[in-house]
1. List pairs: first in region 79-104 and at positive phi, second modelled with pLDDT of 95 or more, Cβ under 8 Å, 6+ apart or cross-chain?
2. Please go through region 93-116 and give me each residue that is touching a strand residue (DSSP E or B) at 6+ places or on another chain (Cβ under 9 Å), farther than 21 Å from GLY184 by Cβ and either surrounded by fewer than 17 Cβ atoms within 10 Å (Cβ to Cβ) or β-branched (Val, Ile, Thr) (or both), ordered by number.
3. Hey, any hits in region 82-95 for a residue that's at pLDDT 95 or above, in contact with a Ser or Thr (Cβ under 8 Å, 6 or more places away or on another chain) and not in a helix (DSSP H, G or I)?
4. For GLY256, state whether it is assigned by TED's automatic domain parsing to the domain that holds MET182 and small (Gly, Ala, Ser).
5. Exactly one of these conditions fails for CYS80: (1) hydrophobic (A, V, I, L, M, F, W, C); (2) under 27 Å from GLU332 (Cβ atoms); (3) touching a Lys or Arg at 6+ places or on another chain (Cβ under 9 Å). Give me its number.
6. Give the number of residues within region 24-37 that are surrounded by fewer than 19 Cβ atoms within 10 Å (Cβ to Cβ) and closer than 22 Å to GLN66 by Cβ.
7. So for region 263-273 (the condition being surrounded by 17 or more Cβ atoms within 10 Å (Cβ to Cβ) and not β-branched (Val, Ile, Thr)), does at least one residue qualify?
8. Among the residues of region 187-246, write down those that are surrounded by fewer than 21 Cβ atoms within 10 Å (Cβ to Cβ), assigned to a strand (DSSP E or B) and aliphatic (A, V, I, L, M).
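The values are calculated or read from the model by the stated rules, or taken from the named source; none is laboratory data. For clarity, every value in this text was computed on a predicted model and none was experimentally measured. A quick note on method: Cβ atoms are made from the backbone with ideal geometry, for glycine too, and the neighbour counts reach across all protein chains shown.
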Amino acid sequence: MYDNSTFSQKRPVRVGLIGTGYTAVARSEAFLHDERSHLVAVVGHTPEKTKAFAQNYQMMVVDSWQQLVEQDNIDLVVICSVNRDHGIITQRALANGKHVVVEYPLSLDVAEAQELITLAKAQKKFLHVEHIELLGGLHQALKQHLPKIGQVFFVRYNTIKPEHPAPRKWTYNHELFGFPLMGGLSRLHRLVDLFGTVMSVNCHNRFWETETEYYQSCFCDTHLSFHSGLLAHVVYGRGESLWQPERRFEVHGEDGGLIFNGDTGVLVQRGETKPIEIGARQGLFAKDTTMVLNHLIDGTPLYVTPEESLYTLKVADAARRSAQTGLTIIVEDETLS
């Protein structure tokens, strides 16, 4: 456990931010309007954008993330950078005695992620891996209605996003984003949170690309077998080779089904279908940020642990290895803790 007495004595949490994209904006808005925190410094990829960002949120510009994590006037490092860099930045921040908030995934390497959790405990520093999908209206509606459909035996989860043309940015870069289900870890984490540990994974993945670094499309088709007996089918695709957008989540139980299509949902049971109210998806980064401050200052429990995120990363890595080898991969038999 880490010492939070400094913050409980009414001194604001001093924040250093790495990144200037959508997530960084949402985080900064939340920190700026919470008197318990103070934005100190930011580092970004583009000098002009970083300067404008810093002026907007009354922060100083730092030349590099290496410099930022060493600053004595920063308590909490918030990492909103490309996935490839999450691990190394987290390691340096923890080693320099900082608390850390990082967007998922904690790392693109399972062994490194495990080492980072161990390091945080050794340093007695706070480490939080964001998983805002667990805070959203869809997930909360799922949790609320699951008991009504009996024993769940099958789940289908499809997220397909056509983009014409595909943007030439880091989310379409092999090295910067990582294997699709590791970079897009929330697709699997939602299932693990709801249904527990996974026994085996079989995955097929395809890229369409005209150059080495960037691809124009990816399509990932994954089957998971859970220890509970549940079978799940996850489809994740985006880019130029896809033509119909889809965001659909189906949960089939022995006493009914839950069908979510976009922002609408229904509970289906024998002889009747009832609409399900789904909360808004907006404001989740702000909610996560407030919960982080509550935890740092008051010790309020958070909604997810680094160990839970690490377990899902192991499942995603099993999917990666399955796609590479064509084999079904057995996931380590362990409990979520």
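1. Correct list of pairs: GLY97/GLN123; GLY97/LYS125.
2. VAL100
3. Within region 82-95 (the criterion being at pLDDT 95 or above, in contact with a Ser or Thr (Cβ under 8 Å, 6 or more places away or on another chain) and not in a helix (DSSP H, G or I)), the answer is no, since none of the residues qualifies.
4. Working: assigned by TED's automatic domain parsing to the domain that holds MET182: yes; small (Gly, Ala, Ser): yes.
Yes.
5. Looking at each condition in turn, CYS80 falls short on (2).
6. 0
7. Yes, some residue in region 263-273 is surrounded by 17 or more Cβ atoms within 10 Å (Cβ to Cβ) and not β-branched (Val, Ile, Thr).
8. Correct list: MET199, LEU231, VAL235.
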